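The structure appears below as C-alpha cells.
The values are calculated or read from the model by the stated rules, or taken from the named source; none is laboratory data. Predicted, not measured: the structure shown is a model, and the values here were computed from it. Glycine also receives a Cβ, built like all others from the backbone with ideal geometry; neighbour counts cover every protein chain displayed. Heads up: the accessible areas ignore ligands, DNA and RNA and are worked out on the full protein's heavy atoms, side chains in. Shrake-Rupley method; radii C 1.70, N 1.55, O 1.52, S 1.80 Å.
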Amino acid sequence: MRIWLSKPHMSGTEQAYIAQAFESNFIAPLGPQLNAFEDCVATYLGGDVGCVGLSSGSAALHLALRLAGVEAGDDVWVCSMTFAGGVFPVLYQNARPVFIDLSADSWTICVETLEAHLKAANDTNTLPKALVPTDLYGQSVEMEPIERLCAQYGVKLIVDSAESLGARDASGRACGTGGDAAILSFNGNKIITTGGGGMLVSRDHEMLEEARKLSTQARDPAPHYEHSTYGYNYRLGNVPAAIGLGQMEVLDERVTARRAVFDRYVGAFAGQAGVTFMPEPDGAYSSHWLTAVSFDPNACGRSREDIRQMLMEHKIEARPLWKPMHMQPVFEGTLYYGQGVDEGLFETGLCLPSGSDMTVTEQGEVIDRIAEFLKAA
Ligand SMILES: *Cc1c(COP(=O)(O)O)cnc(C)c1O
C-alpha cells in the first residue's frame, strides 16, 4: 500500500519521554510517565474527570461494564455499527448485547429508536443494565437526550469514545467526558497512539480507584498478596504511556489535520450526485478520525466495492464502514432494534484515507482517482 487509511503519526518528542522512563527504570505497568499521561489526558478533557490508563480500549470497556454492575444475563444495548472491540467486552461479562441502529441524520446511534424501545422495555421490565453508544468516526453522539433517557430509566451510560478523542459536541463538551464513564483507545490507527493502550474516564473517582485495583489483579492493601475479588492484568505500561505523552502534545494538531482532510474531500465532491459525507451537526467539532462517505450506485454509477477495489489497484487503502454487529456471524440471532439505516450505510459507505500525515498531493491522488472513476461510469 502506498496511501494508508490511517497510520501512526509521531510528534518526534516521544523518544525523549521514553528516555525518561528508561532513566527512572520504570519499565513496568506503573511509573511517573503513566501517572503524567493520565493527568495530561484528564486535564485535556477537563470537567473534573479522572483517567485510568489501561492496556486497551476493550479492557477499559470491560472494566466499565463490570463496575456498572453488568452481570451474567443482563442486557447491554450497544450501537450496532461499531468495531468489535466496542462490543466483545459485553460477552466477557456473560451479558447479552442488543443492537441499536443509527440515525440517518447523524450517522450516530438513533435517539428515537432508543427512546421507543426503552419505553417498551420499561413496560415489560426488560430494561438494559447499561447503554454503550459509540462516538463514530470521531463524531459525538447526541449526548443530551441520551443522558436524559438513561437517567429517566436508570440505565448506566458508558460512552465508547475510542474514535473521538479531541472532538467536541455542539455544547462544547469534550468527547470522552459524558455519561457515567467513557473509554478511549490508543491503538495504532487511532488519532493518537501509544502503540496499543486505552483509558477509562469518569467523574466518579471512587469507581476509577476500583478500576485501577481490578486492572492490577485486584490486590487488597496488605504486605502479602491478598485478594477479596478477582481482577485482570489490564494496566497500561509506563513505556507506552511515555509515547502517549509525546502524542498528547500534538493531539489538537492531529484533529486540525484530519478535519482539513475531511474538508478537502467534501470540497472536491460537492455537488456530485450520490456522494454523501457523514453529516456534522451544526456547531459540533468532530475529529473526523476517518472520513466516512456513502456512494449511492444508482446516483453516482459506482458501488462502494467498485470504488474500493479501484483504489486498491492503485495502492490506496480504503475500508467499508464497520459491518454492523447484528450482521456478524458471531452475533447471529441477536436482538436488533432499527430500520436498517446501518445496513444501508454498510452497503454504500467507505472510509477514505484520512491520516494526519497524508500530504495534499497524496490526497489529491485519491480524489482524482475517484473523480475520474465516477466520470467514466
Ligand atoms: C478501537 C476501538 C475500540 C477498541 O479499542 P482497542 O484499544 O483496540 O481495544 C472500541 N470501540 C471502538 C469504536 C473502536 O474504534
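Quick one: divide the alpha-carbon radius of gyration of segment 139-208 by 2.2 N^0.38 Å and tell me what you get.
1.14
Under the definition of Cα pairs under 8 Å and six or more residues apart, what whole-number percent is the relative contact order of the chain?
This gives 24 percent for the chain.
Taking Cα pairs under 8 Å and at least six residues apart, what relative contact order does segment 237-363 come out at, in percent? The partial results should precede the final answer.
On the way: 138 pairs, mean separation 35.1, N = 127.
Relative contact order here is 28 percent.
With all protein chains present and a 1.4 Å probe, how do Met143, Met207 order by accessible area, largest first?
Numbers: Met143 5, Met207 25 Å².
Order by accessible area, largest first: Met207, Met143.
Counting only other residues whose beta carbon sits under 14 Å from that of Val90, what net charge do I get with K and R as +1, D and E as -1?
The answer is 0.
Over segment 14-250, with every protein chain in place, what whole percent of the accessible area is carbon and sulfur at 1.4 Å, could you tell me?
About 51 percent, which is the carbon plus sulfur part of the accessible surface.
Working out 0.36 nm times the residue gap between Ser171 and Val330, then minus their Cα-Cα distance, what length gain in nm do you get to one decimal?
53.5 nm
Compute the whole-percent fraction of alpha carbon pairs in the chain spaced more than 38 Å apart. Could the numbers behind the result be given before it?
On the way: 13069 of 70876 pairs.
In whole percent, the share of Cα-Cα pairs in the chain beyond 38 Å is 18.
Between Asn298 and Arg203, how many nm apart are label points set 7 Å from Cα along the C-beta direction?
Inter-label distance under the simple model: 4.6 nm.
With a point put 7 Å past each Cα toward its Cβ, work out how far Val266 is from Tyr153 in nm, to one decimal.
Result: 3.2 nm between the two label points.
What's the FRET efficiency of Ala222 with Asn35 using the Cβ-Cβ distance as r and R₀ = 22 Å, to the nearest 0.05?
For Ala222 and Asn35, the calculated efficiency is 0.45.
Rounded to the nearest 5, what % of DSSP beta bridges with both residues in the chain are antiparallel?
Bridges in the chain that DSSP calls antiparallel: roughly 60 percent.
At 7 Å along Cα-to-Cβ for each site, give me the label-to-label distance between Ala116 and Asp357 in nm.
Calculated label separation equals 4.7 nm.
If you line up the Cα atoms of segment 262-373 on their principal axes, what length do they span on each, largest first, in Å?
46, 36, 28
In square angstrom, what is the accessible area per residue of the chain with a 1.4 angstrom probe?
41 Å²
Under 10 Å, Cα contacts only: if you run a Gaussian network model on the chain, which one of His224, His288, His314 comes out with the highest mean-square fluctuation?
His224
Place a point 7 Å from the Cα of His314 along the Cα-to-Cβ direction; which residues of segment 269-289 have their backbone N under 14 Å from it?
Inside the label zone: 269.
Would you mind counting up the charge near Asp296? Only other residues with Cβ under 11 Å from its Cβ, with Lys and Arg at +1 and Asp and Glu at -1.
Surrounding charge for Asp296 is +1.
Longest exposed-loop-site-free stretch of the chain, with GluC sites (Glu not before Pro), DSSP loop and at most 12 other Cβ within 10 Å? Write down the numbers at each step before the final one.
On the way: sites that count: Glu71, Glu226, Glu332.
Counting at most 12 other Cβ atoms within 10 Å as exposed, the longest clean stretch of the chain is 72-225.
May I ask for the net charge around Met143, where only other residues with Cβ less than 10 Å from the Cβ of Met143 are counted and Lys, Arg are +1 while Asp, Glu are -1?
-3
Please turn the phi angles of segment 68-82 into ³J(HN,Hα) values with the Karplus equation 6.51 cos²θ - 1.76 cosθ + 1.60 (θ = phi - 60°), one per residue in order, whole Hz, x for glycine and proline.
So the Karplus estimates, Gly and Pro as x, are 7, x, 6, 10, 3, x, 5, 9, 10, 8, 10, 5, 6, 7, 6 Hz.
So what is the relative contact order for segment 53-112, in percent, with contacts set as C-alpha pairs under 8 Å and at least six apart?
It comes to 33 percent, rounded to a whole number.
Expressed as a whole number of Å, what is the distance separating the alpha-carbon centroids of segment 169-214 and segment 303-322?
Here the answer is 31 Å between Cα centres.
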